[in-house]
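The values are calculated or read from the model by the stated rules, or taken from the named source; none is laboratory data. These numbers come from a predicted model, not from an experiment. Here the Cβ positions follow ideal geometry from the backbone for every residue, glycine too, while neighbour counts run over all protein chains shown.
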Amino acid sequence: MVDNFKQRVEQAVRDELMDAARYTRMALRAPNPELRAILQSIAADENGHARTFAAIANLDPVGLGAAEREEERESFPEGLRRAIQGELEAVAEYAQLAQMAPNPELRNLIISIVADELGHARILAAVMALRPHQGLG
């Protein structure tokens, strides 16, 4: 179980780094400064999560790098939909990871990341709901 836990934590580092890069790219295309700031803040959170998971697994997150996802040129609303889905998938994965944690301290740390990811999904869903008023298509 320990090996599986460590492998899943290593994958979480890579996923968080990829998500941070995704949000950074989305921020560059954001239609207004407020949305740009929201996306930059989420990107910073994801980088923080990568560092936290790296510390749990005694890894150097810089050495892992983030493989670029093959993404077609998606519309901004499609990018938001995919981001919401990704955040919800992270909630499910990290909830399982928290259950596997070898001690209560790590479990609580991972649960705090779960809460962040759920918060990101809520924020992005609110942005989607406002999109006709924000010029998001």
**OP:** Return the pairs, sorted by first residue and then second, in which the second residue is not in a helix (DSSP H, G or I), the first residue lies in the stretch 84-106 and is farther than 15 Å from Ala50 by Cα, the beta carbons are less than 7 Å apart, and the residues are 6+ apart or on different chains.
**Re:** Met100/Met1
Subject >> Subset of the stretch 16-39 that is among the acidic types (Asp, Glu) and surrounded by 20 or more Cβ atoms within 10 Å (Cβ to Cβ) - its residue that is farthest from Phe76 (Cα to Cα) >> reply: Glu16
Original post:
Of all residues in the stretch 28-65, how many are aliphatic (A, V, I, L, M), modelled with pLDDT under 95 and over 17 Å from Gln7 (Cβ atoms)?
Top reply: 4
**OP:** Can you confirm whether the stretch 74-82 contains a residue that is among the hydroxyl-bearing types (Ser, Thr, Tyr), farther than 15 Å from Val13 by Cα and either modelled with pLDDT of 95 or more or more than 13 Å from the chain's Cα centre (by Cα) (or both)?
**Re:** yes
Subject >> Candidate set from the stretch 23-49 (those that are touching a residue at least 24 places away in the same chain (Cβ under 8 Å), part of a helix (DSSP H, G or I) and farther than 17 Å from Gly119 by Cα); member that is farthest from the chain's Cα centre (by Cα) >> reply: Arg29
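Go through the stretch 101-110 and give me each residue that's assigned to a helix (DSSP H, G or I) and surrounded by fewer than 16 Cβ atoms within 10 Å (Cβ to Cβ).
Pro104, Glu105, Arg107, Asn108, listed by residue number.
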